[in-house]
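Values quoted throughout were computed directly from the atomic coordinates according to the rules given, and no laboratory measurement underlies them. Everything quoted here is computed from the prediction, not taken from an experiment. We place every Cβ from the backbone using ideal geometry, glycine too, and count neighbours over all the protein chains shown.
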Amino acid sequence: MAEIGTLVPRFMLNPIRRHFTTMSGGTKRPISTLADPDRQEIVNRLNANIRYTLNDRKIHPRKASVLVPLTLVDSKPSLLFTVRAENLSSHKGEVSFPGGIQDPTDRDAIHCALRETEEELGLKPEHIEVLGQFNDYPSLHNIAVSTVIGFISPDHLHLIQHNPGEIQSVFTVDLDTLCHRETLRFRIDPAGKRGALPYFVVDGHPDIWGLTGYITHHFLKSILKLDLAAIPKATL
């Protein structure tokens, strides 16, 4: 996977925050399972979402795509994450979603996300049910990162064979744990350059932070409508 950066520059957060303040309201029910009706509901919500897109090539000359993989582990709805290999030149050992820089041969953001996922995890596109596209997010490297939401059947999880040249390990976290007040926290930048960004502390794994934490938080809140109302801990 080509490096796409893990942090979000503060000056780009304000329009995204305004967008999500508008889109995260309403009375839609939380997604509590990943059975067929709930997956269809996610598709409907993604289709109804007014996507935040970053198309100005002067500001973001490069584009990337990541797959946000939903799955079931012990019947619990979960998200799948990867840990970047230690031999990589940057952001080694950090948590990310499968993905990378869009190639000229990629037809679109979805094609890129599926291609990169196959390269990193060995999962073929037919093993991933694409539910739709979410928003674009800016990285500190001025890359526009598109997010693709997908579902990996628990019957296909055993097919994952991660590429050790890019991925150190793969792990899942159930959605209830991600929403727990002891898991979800905010990191405050004392210098005031990046504001407060959500991150997740999960036992036995590196923290889920930066752009990955930001995307995770917005997806849980805006599309799945999960309860993130509890005031999380803040650290400096």
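Structure notes:
- Any pair with Cβ under 8 angstrom, 6 or more apart, that starts in region 161-188 at a residue that is more than 24 Å from residue 124 (Cβ to Cβ) and ends at one that is among the basic types (Lys, Arg): 174/76; 175/76; 176/76; 181/233; 182/233; 185/233; 186/233
- Selection status of residue 187, in a loop (DSSP other than H, G, I, E, B) and of a type in the set (Lys, Arg): no
- Residues (closer than 19 Å to residue 221 by Cβ, of a type in the set (A, V, I, L, M) and under 15 Å from the mean Cα position of the chain (by Cα)) located in region 43-68: 46, 66, 68
- Per-region count, region 90-143, residues hydroxyl-bearing (Ser, Thr, Tyr) and over 19 Å from residue 53 (Cβ atoms): 4
- The number of residues in region 69-80 being under 18 Å from the mean Cα position of the chain (by Cα) and either assigned to a loop (DSSP other than H, G, I, E, B) or within 19 Å of residue 125 (Cα to Cα) (or both) comes to 6.
- Residues of region 113-146 that are charged (D, E, K, R) and closer than 18 Å to residue 218 by Cα: 136 alone.
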